[in-house]
Amino acid sequence: MMQNNGRLWAEPNELSRESPAEGVTLLHGFCREDAPQIYEAIRQVESISPFRQMVVPGGHTMSVAMTNCGELGWTTDRSGYRYTPEDPMTGAPWPAMPEILLSLARRAAAEGGSAEFRPNGCLINRYAVGARLSLHQDRNERDYSQPIVSVSLGLPATFLLGTLRRTDTPRRIRVEHGDVLVWGGPARLIFHGIAPIRAGHDPLTGNYRINLTFRHVASDD
Ligand code: MD6
Ligand code: FE
């Protein structure tokens, strides 16, 4: 491991941990070994609730394709953002969260200091080359006491790490295949996004980046 400007640079295939901001832990390579089985679980989910490009309230179609697993799934359409127990595309409940995903999320949260993480929703994002996610806050969960665990697979990306103010220039953090970000506490509501994905090929996912974000969503009852 080498020091470079105070940042730890991991050798390829080495595990390392960084804290790019208070409340954010980057576990580099945390799920790289399990990635094939994780990806297989995503394929199962996608066979029930396919990836689709959703429309935001302003009328624009997102470049990122999304699906969900778990009790509650995040969706958007012309009328707004919300969590629902059913997939609006199929009318059926979102697929259950596969055990391998639940266990990964809980182990990563514990590494990031949250031993009691109980995710009940997982948003799955699929980025083709050129797809991006503009700066946003994750605030539809209504319970901000638990972290978000965010898993990156396939093509690398530049994660835009902002602050609590939308107008601050975000920092750029590279996230790669097998990396896991644990995100909570003082960072829970910071603005963030993903810069346009650059062309490439990944042996597992082909021409895509896949991201899983596990959350605890407060239910209505
Ligand atoms: C992505 N992630 O990495 C999108 N949100 O594709 C997110 O929007 C995100 O990674 C909250 C916490 C962690 C995240
Ligand atoms: Fe987000």
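Which whole-number percent gives the relative contact order of the chain, counting Cα pairs below 8 Å spaced six or more residues apart?
23
Specify the residue with the greatest mean-square fluctuation among 150, 49, 103, computed from a Gaussian network of the chain linking alpha-carbon atoms under 10 Å apart.
Maximum fluctuation in the GNM of the chain, among the listed residues, is at 103.
Please report the spacing between the Cα centers of the range 180-220 and the range 108-125 in Å, no decimals.
Here the answer is 13 Å between Cα centres.
Per the helix-only calculation at 222 nm, which mean residue ellipticity applies to the chain, given -39500 (n - 2.57) for every DSSP H run of n ≥ 4 and division by its residues, nearest 500 deg cm²/dmol?
The per-residue figure over the chain is -4000 deg cm²/dmol.
How much area per residue is accessible in the chain when the probe is 1.4 Å and only protein heavy atoms are counted (Å²)?
Values: 10870 Å² over 221 residues.
It amounts to 49 Å² per residue over the chain.
Considering only protein heavy atoms, what is the solvent-accessible area of residue 190 at a probe of 1.4 Å, reported in Å² to the nearest 10?
In the full protein context, residue 190 sits at about 10 Å².
What number comes out for the charge environment of residue 160, summing +1 per Lys or Arg and -1 per Asp or Glu over other residues with Cβ under 10 Å away?
+3
Principal axes first, then extents: for the Cα atoms of the chain, list largest minus smallest coordinate on each axis, whole Å, largest first.
51, 38, 35
Residue by residue through the range 173-190, what is 3J(HN,Hα) from phi via Karplus (6.51 cos²θ - 1.76 cosθ + 1.60, θ = phi - 60°)? Round to whole Hz and write x for glycine and proline.
10, 7, 10, 10, 3, x, 7, 10, 9, 10, 9, x, x, x, 9, 3, 10, 7
Convert 20 °C to kelvin, take the viscosity as 1.002 mPa s, use the Kirkwood radius over C-alpha pairs of the range 171-221 as Rh, and evaluate the Stokes-Einstein diffusion coefficient in µm²/s, rounded to a whole number.
Stokes-Einstein gives a translational diffusion coefficient of 154 µm²/s.
Using the Cβ atoms and a cut-off under 13 Å, what net charge is assigned to the surroundings of residue 197, where Lys and Arg are +1 and Asp and Glu are -1? Numbers along the way, then the final one.
Working: positive: 126, 132, 174, 198, 209; negative: 176, 202.
My count for the surroundings of residue 197 gives +3.
Given a 1.4 Å probe and heavy atoms of the protein chains only, how would you sort 163, 67, 169, largest accessible area at the top?
Ranked list, largest accessible area first: 169, 163, 67.
For the range 52-179, what are Rg and Dmax over the alpha carbons, in angstrom?
15.2, 41
Distances over 11 Å make up what percent of all Cα-Cα pairs in the range 14-56?
Working: 663 of 903 pairs.
Summing the P(r) tail past 11 Å for the range 14-56 gives 73 percent.
Once neighbouring chains are kept in place and the probe is 1.4 Å, which whole percent of the accessible area of the range 33-150 is contributed by carbon and sulfur?
Roughly 50 percent of what the probe reaches on the range 33-150 is carbon or sulfur.
Using only protein heavy atoms and a 1.4 Å probe, report how much of residue 32 is accessible, in Å² to the nearest 10.
Roughly 60 Å² of residue 32 is accessible to a 1.4 Å probe.
The values are calculated or read from the model by the stated rules, or taken from the named source; none is laboratory data. Please read these numbers as outputs of a predicted model, since none were measured by experiment. Heads up, the Cβs are rebuilt from the backbone with ideal geometry, glycines too, and the neighbour counts pull from every protein chain shown. Protein only, heavy atoms only, side chains kept; ligands, DNA and RNA dropped before computing areas. Shrake-Rupley method; radii C 1.70, N 1.55, O 1.52, S 1.80 Å.
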